[in-house]
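Worksheet for the structure shown next.
The values are calculated or read from the model by the stated rules, or taken from the named source; none is laboratory data. Nothing here was measured: the structure is a model prediction, and the numbers come from that model. Note that we place each Cβ from the backbone using ideal geometry, even for glycine, and neighbour counts take in every protein chain shown. Accessible surface is based on the protein model in full, side chains and every heavy atom, while ligands, DNA and RNA are left aside. Shrake-Rupley method; radii C 1.70, N 1.55, O 1.52, S 1.80 Å.
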Amino acid sequence: MNENLYAILQSCFPENPDAPCLILPDGSQVSYGSVQRESARYAALLASLGVQPGDRVAVQVKKSPQALFLYLGTLRAGAVYLPMNDAYQRHEIEYFLGDATPRVFVCRPQIRALAEELAAKAGVTHLLELDDDGRGSLAEAASSRPDQFATVARTGEDLAALLYTSGTTGRSKGAMLSHRNLASNAKVLHRYWGFRSGDVLLHMLPIFHVHGLFVATHCSLMNGSPMFFEPKFDVKRALALLPRATVFMGVPTYYVRLLADPDFKRELCSNMRLFISGSAPLLTETFAEFKTRTGYTILERYGMTEGNMFTSNPYDGERRGGTVGFPLPGVSIRIADAENRPAEVGEIGQIQVKGDNIFRGYWRMPEKTREEFTADGFFKTGDMGKRDKEGYISIIGRSKDLIISGGLNVYPKEIEEMIDAMPGVFESAVFGVPHTDFGEAVIAAVVRQKNPNGAAASETDILKTLKGTLANFKVPKRVHFIDELPRNSMGKVQKNVLRNQFA
Ligand code: MCA
Ligand code: AMP
């Protein structure tokens with residue numbers, strides 16, 4: 001049997017090739033038959049470029065139907081899909097291309113010159129363009145390819161995707177996800193969340209992360225049903241489309257923004273079956289307010305790039321705010337004490353996970369991979385949690401130094417290293433403070449050099465330099481200058497002290 005994820009998804013497509021798969025913002029539709037033909041063209045194009053099974057295809061484009069065809073075409077060609085946030089800049093793109101050494105890089109025309117330079121440096125053989133409307137050299141080349149393609153046979157262990165997750169060391173790690181990792185999670189979620197005929201997903205998430213690319217898209221494709229495929233999250237668009245949708249998935253910021261709009265009313269949701277939240281903690285206030293306002297109980301789930309979804313509140317049973325529910329079927333979760341033994345009920349420990357969904361390791365980092373697994377094969381998430389008497393799991397905090405802003409992860413180390421290298425700076429600490437819209441906002445505390453050679457460091461200069469180098473969502477919303485960083489007796493910076501001071 002071909003364990004290629006695309007083959008598995010395709011086996012769930014509706015018999016009628018005219019059945020809609022995507023409903024686009026202008027109201028036009030892309031049928032399932034069309035998705036099959038278009039993904040065949042993209043797969044054929046990649047194969048004609050010499051892309052071999054296992055080769056990486058790096059992609060940094062806006063969300064469009066063509067971007068989805070490219071993802072599916074990459075799977076069909078047996079290659080490994082490497083999506084990048086379109087906010088990433090030179091510094092970030094250069095690292096990903098250099099580390100993953102893809103054969104193909106698909107970029108937006110806006111960064112053509114930069115992409116040429118970085119692709120040449122990383123030995124990328126083919127550079128193609130896809131613009132925000134789904135046009136460009138990639139789409140043109142694909143259009144002349146045949147619309148039939150025999151999906152390349154893959155085993156469950158073969159890689160399907162490489163997704164970079166920032167590291168505590170400041171160096172991003174490529175999480176290697178296999179066809180089995182992705183297929184097993186897709187099947188479980190599709191069943192657990194009760195996907196059924198007649199469902200229509202409102203898809204407003206970006207498709208360069210697990211949430212939008214895998215969780216949302218795979219559930220809908222596996223269900224053979226249509227999704228409103230919107231370029232981004234926009235409250236007014238959500239209000240317009242909710243009456244025609246049945247399922248919505250979002251990060252907590254989406255729910256906060258919906259609730260902040262007075263036009264968001266119960267009547268708009270009368271067709272809805274399910275609201276799902278994840279990627280960051282959903283505040284219990286948001287959970288409660290949503291219920292009062294709409295009558296719906298948001299289903300919160302929890303996961304990570306390294307294994308897609310781990311836990312979910314029940315579809316049929318009680319969905320508890322402030323918890324992420326139970327381990328998904330086929331996923332083992334251990335709340336572990338310091339010796340990796342199961343902690344008692346109610347005791348806080350590190351969340352560890354095992355299952356077919358757990359990734360195959362970090363790309364070209366065997367050492368790092370070994371460190372992140374226990375001797376008995378559990379993946380150490382770095383999240384701290386506890387389990388109550390009924391088995392509901394809550395996330396209490398993180399042992400990793402991570403900020404989640406609007407559902408996007410920011411690792412302080414990467415930003416601290418850049419600030420520390422700036423003129424007039426002695427040292428810095430980057431941390432998150434509560435933020436009504438983004439959940440957490442990135443803040444920097446900076447200690448200036450006592451006797452700088454030039455001018456003293458200023459907030460404007462620091463922010464300007466960071467904006468030119470890093471994806472915008474990582475740039476601190478504020479920079480505070482302090483005399484010294486608070487440290488504990490071990491010399492470790494006490495970020496909790498800074499968080500309290502600048503909250
Ligand atoms: C944009 N900005 C942000 C963020 N997004 N700042 C902090 N955090 C953010 N997330 C900044 C921009 O740099 C810009 O700053 C200004 O806000 C407006 O930008 P714009 O693009 O207009 O913002 P937006 O369209 O309102 O986007 C915010 C958003 C978006 C809708 C919350 O970030 C989003 O869709 N986030 C979801 C991310 C996601 O899919 N996460 C799942 C990861 P300036 O004005 O200075 O230029 S997968 C995962 O975590 C795991 C596996 C899981 O469990 O799902
Ligand atoms: P990423 O590295 O982008 O895959 O983000 C994964 C991290 O997001 C997890 O390790 C958690 O810290 C966090 N996360 C995901 N879902 C939730 C949730 N429902 N509640 C709290 N944190 C979450």
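General observations
- For segment 108-215, convex hull of alpha carbons as volume per residue, Å³: 203
- Counting protein heavy atoms only, the chain has 50 percent of its accessible area on carbon and sulfur, 1.4 angstrom probe.
- Shape category assigned to segment 269-332 from the gyration tensor of Cα positions, a/c cut at 1.5: prolate
- Straight-distance crosslink candidates among lysines, where the alpha carbon sits under 27 Å from Lys389 and sequence neighbours closer than 8 are dropped: Lys291, Lys354, Lys380, Lys400
- Virtual paramagnetic centre 7 Å along Cα→Cβ of Asp437, amide N under 12 Å, in segment 402-422: 406
- Length released on extending from Asp18 to Val497, taking residue separation times 0.36 nm less the Cα-Cα span: 166.6 nm
- The relative contact order of the chain, computed from alpha carbon pairs under 8 Å that lie at least 6 residues apart in sequence, is 12 percent.
- Whole-Å distance, taken between Cα centres, linking segment 76-129 and segment 185-206: 31
- Summarising the strand pairing of the chain, around 60 percent of its internal DSSP beta bridges are antiparallel.
- Per the Debye calculation on segment 298-414 with a single equal scatterer at every Cα and no solvent contribution, log₁₀ I(q)/I(0) for q = 0.16, 0.18, 0.19 Å⁻¹ amounts to -0.78, -0.99, -1.09.
- Global geometry of segment 96-153, whether rounded, prolate or oblate, following the gyration tensor of its Cα atoms and the 1.5 cut on a/c: oblate
- Under the convention that each Lys and Arg Cβ holds +1 and each Asp and Glu Cβ holds -1, the size of the dipole of the chain around its Cα centre is about 220 debye.
- Radius of gyration (Cα atoms) of the chain, expressed as a multiple of 2.2 N^0.38 Å: 0.97.
- A 1.4 Å probe run over the protein chains yields, for segment 175-236, 26 Å² of accessible area per residue, whole-number rounding.
- A dipole drawn for the chain from +1 and -1 charges on Cβ atoms has a positive end, and of Tyr71, Asn85, Gly321 the residue lying farthest that way is Gly321.
- Descending semi-axes in Å of segment 371-503, equivalent ellipsoid built from Cα gyration tensor: 31, 17, 15
- Tensor-based shape of segment 11-102 (alpha-carbon gyration tensor, a/c under 1.5 rounded, otherwise prolate or oblate): oblate
- Mean residue ellipticity (222 nm) of the chain, computed from DSSP H runs ≥ 4 via -39,500 (n - 2.57), nearest 500: -8000 deg cm²/dmol
- Heavy atoms of the protein chains alone define the surface here; on that basis segment 303-360 has 41 Å² accessible area per residue at 1.4 Å probe size.
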